[in-house]
1. Would you mind stating whether B:Leu134 is over 21 Å from B:Asp2 (Cα atoms), out of contact with any His (no Cβ under 9 Å at 6 or more places or on another chain) and more than 14 Å from chain A (Cβ to nearest Cβ)?
2. Considering each of A:Ala292, A:Ala300, A:Ala269 in turn, give the residue that is in the same structural domain as A:Arg103 (by TED's automatic domain parsing) and more than 18 Å from A:Ile51 (Cβ to Cβ).
3. Among (1) in contact (Cβ under 8 Å) with a residue 40 or more places away in the chain; (2) away from chain B (no Cβ under 14 Å); (3) touching a Leu at 6+ places or on another chain (Cβ under 8 Å), where does A:Glu365 come up short?
4. Just to verify a result, which residue in segment B:13-69, among those that are facing chain A (nearest Cβ under 9 Å) and over 15 Å from the mean Cα position of the chain (by Cα), is farthest from B:His132 (Cα to Cα)?
5. Spot the failing condition for A:Tyr277; the list is (1) within 14 Å of chain B (Cβ to nearest Cβ); (2) surrounded by fewer than 20 Cβ atoms within 10 Å (Cβ to Cβ), and only one is missed.
6. Mind listing whichever residues of segment A:324-342 are of a type in the set (A, V, I, L, M) and under 18 Å from A:His373 (Cα atoms)?
7. Among the residues of segment A:122-158, write down those that are touching a residue at least 40 places away in the same chain (Cβ under 8 Å), closer than 19 Å to A:Ala376 by Cα, assigned to a loop (DSSP other than H, G, I, E, B) and not aliphatic (A, V, I, L, M).
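The values are calculated or read from the model by the stated rules, or taken from the named source; none is laboratory data. Not measured: the values here are computed from a predicted model. For neighbour counting, all protein chains shown are included, and Cβ atoms are generated from backbone atoms with ideal geometry for every residue, glycine included.
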Amino acid sequence: MNAVHAVAGSSAALDVAAIRRDFPVLERTVRGLPLSYLDNAASSQRPRAVIDAMSRYYETSHANVHRGVHTLSQEATDLFEGAREKVRRFINAKSTTEIIFVRGTTEAINLVAQSYGRPTLGPGDEILISWLEHHANIVPWQMLCQQTGATLQVAPITRSGEVDFDAFAALLSPRTKLVALAHVSNALGTIIPVSRFIAAARTRGVPVLLDGAQAVPHMTVDVQALNCDFYAFSGHKMCGPTGIGVLYGRESLLSAMPPWQGGGDMILAVSFEKTVYNGLPYKFEAGTPDIAGAIGLGAAIDYLEALGMERIAAAEHALLDYANERLATVPGLRFVGTAPDKAAVVSFTLDRVHPHDLGTILDHEGVAIRTGHHCAMPVMDFFGLPATARASFAFYNTPAEIERLVAALLTAREMLG
Amino acid sequence: MDLKDLYRDVIVDHNRHPRNFREIPDADRRADGFNPLCGDKLTVFVKLDGGRISDVAFNGSGCAISIASASLLTESVKGRTIAEAEGLFSQMHQLLTRDDVEVDVSSLGKLGALSGVREFPARVKCASLCWHTLDAALHQQQQVSTE
C-alpha cells in the first residue's frame, strides 16, 4: 500500500516507515550497510509512484505533444498539460500560462537573464543578488552584465548566514533593475524572509526573481502571496525526475518578453519572411519538451500533496532539531550557518578532518552526505573555508539515520583527528 | 575495500605531521595547484642545484590524502634529478590510475602507501594534485588545476 493512502486525510504525523517503503532506493545497501541518504539538498530520491507514472506513460501513451490528432498524441498532451495544471495549483499561480517547463532551476534563471534582462538592461543598470546565492543565481547575471554593461551588486550576509536586510535595502537604488534571491540557501539552509525583501524591491518598482530550488520541496510556496515576479525550481529536488524544472513568471512580464530559443512549438506560423510566435507558455518552450519528466513531476506533486506540505515541513524540522542536538555532542564539530529559521540542512566542519575525507569515511558507513563548496564558493570564502560537510534531510529520513551519521563522524575523528 | 587500505598508518601520520610543510622564499621554481572539486590548494617550491632538486617543500590546505601525498612527494624527490622526479611522477600516475598495469610498489618506497587510492576513484585527484603541481613547477608553469 502506498504510504500516501495510509495517511491521507489524517492530521497525524507522517508514517515514516510506510513512506520509506514507497522509495525503492531506500531498500538498497551501500558497502554492505543500509543506505542512509542524507544528501537531499543535492537531489532527493523518487517514490515508486513517480517512477511508475513515467514508465506507464512510455508504455502506453507516448507520442509528441500539441501536434497530432491521433489518440496517443492527445493522451500525451493531456498528461503533459495536466502536469502543468498540477504545478500551477502547487505554487498557486493564477494561470497555467505562467508555468513554463524548463530543464531545471539553472535554465529558468538563464531564461530570465537572457529574455527579460538582456533587452532591458544597459550600462549603469544594476542587478542585486545576495552573498548566499548558488552559482546558478550568480553566473547567469555575470554573463548578462558582460553582455549589457550592467553591474552586479551583492548584499552581504552575517556570521550566522542570514542576508543583511538593511544592507540589501541600502543597495536598492534607481539603478536597480532586477533582484534575484535564494528562497532557501542550499549551502547553509537559511530560510530567507523573502517577503520583506520583495516588498522593499517592489515598492521601488524592481522585479524580483526567487531561486526556489531548496524551498519548494520543503514548504508551502504561494507565488501570489509572495508577490514575486519570477520563481524558479527543479523537479529532482522534490522527488521528481531530473531534467525537468519550472519557471513561474508574472504574466504581464512574460508577455512582454521575447522568446529565448526558437524552434517548433513556440510558433503559430512560419514563413521565410516572418514568424508569428505562439502565446504563453509555449512561446518559451521551443522543441519537443521533456514530456515524461513533466508527468513525473506531476506525480511527485501528487505524492507530496497527499502527504501534506505542512506535515512534511514539520517532520523535516523535527529532524533538523534532532540533528542539531546530536551533532553538537561531537567534539570538534562546528556548525556553519546558524540562522534561527532554517530548512533541514546542516553544514559543518570537523576539527582536523577535511570534509572530503569525511565524505569518504561516511560513505564507508553507508551514510551519503555532500562535501565541498556546494556550488556556493562565495559562501565558503565568506566563512574562510575551502569546503564544508553538509547533511540535508528529507521527510523519509529517520533519527536512527542521524545516529549513524554521528557514529560515523566519531569514527572519522578517531581515524584522522 | 577497507578504509584502512586508503588511510594507511603512513598516510595518517603524514597528514597529521606533514614533512617539508613550509615555504622556500628563494625557490627557483614554484607552482600553485588547485582542485576545484574539493577546494584543495597547494603550492610546491623547488630549489635546484644543477639538474638536481636540492630542496623541495609545499604549503596549502587539503584533505588527508592530498596533504599526505604532498608530504611523501617532498621526501621522495629531494636529492633526485629532474629526470628521476619525472620518472617517479609517471610511476605514481600509473599507480593511481591504471589497474591494468603492474607497478613495482617496492621501488616506490613509502609512496607505495598510496596504492589503495586507486580503489577510490573520487580520491585519485587528491593524491595526484601535488605531482601535477611539481610537474608544472619543473616545467615553469605557474598554475595547474585538476579539472
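1. On the way: over 21 Å from B:Asp2 (Cα atoms): yes; out of contact with any His (no Cβ under 9 Å at 6 or more places or on another chain): yes; more than 14 Å from chain A (Cβ to nearest Cβ): yes.
Judged against the criteria, B:Leu134 is a match.
2. Values: A:Ala292 fails: more than 18 Å from A:Ile51 (Cβ to Cβ); A:Ala300 fails: more than 18 Å from A:Ile51 (Cβ to Cβ).
Being in the same structural domain as A:Arg103 (by TED's automatic domain parsing) and more than 18 Å from A:Ile51 (Cβ to Cβ) holds for just one of A:Ala292, A:Ala300, A:Ala269, which is A:Ala269.
3. (2)
4. B:Arg16
5. In the conditions (1) within 14 Å of chain B (Cβ to nearest Cβ); (2) surrounded by fewer than 20 Cβ atoms within 10 Å (Cβ to Cβ), A:Tyr277 misses (1) alone.
6. Matches in segment A:324-342: A:Leu333, A:Val336.
7. A:Trp131, A:Glu133, A:His134
Here's the yes/no breakdown for (1) assigned to a loop (DSSP other than H, G, I, E, B); (2) within 13 Å of another protein chain (Cβ to nearest Cβ); (3) at pLDDT below 95:
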site: A:Ile301; (1), (2), (3): no, no, no
site: A:Ala306; (1), (2), (3): no, no, no
site: A:Ile312; (1), (2), (3): no, no, no
site: A:Ala315; (1), (2), (3): no, no, no
site: A:Leu319; (1), (2), (3): no, no, no
site: A:Arg326; (1), (2), (3): no, no, no
site: A:Thr329; (1), (2), (3): yes, no, no
site: A:Pro340; (1), (2), (3): yes, no, no
site: A:Thr349; (1), (2), (3): no, yes, no
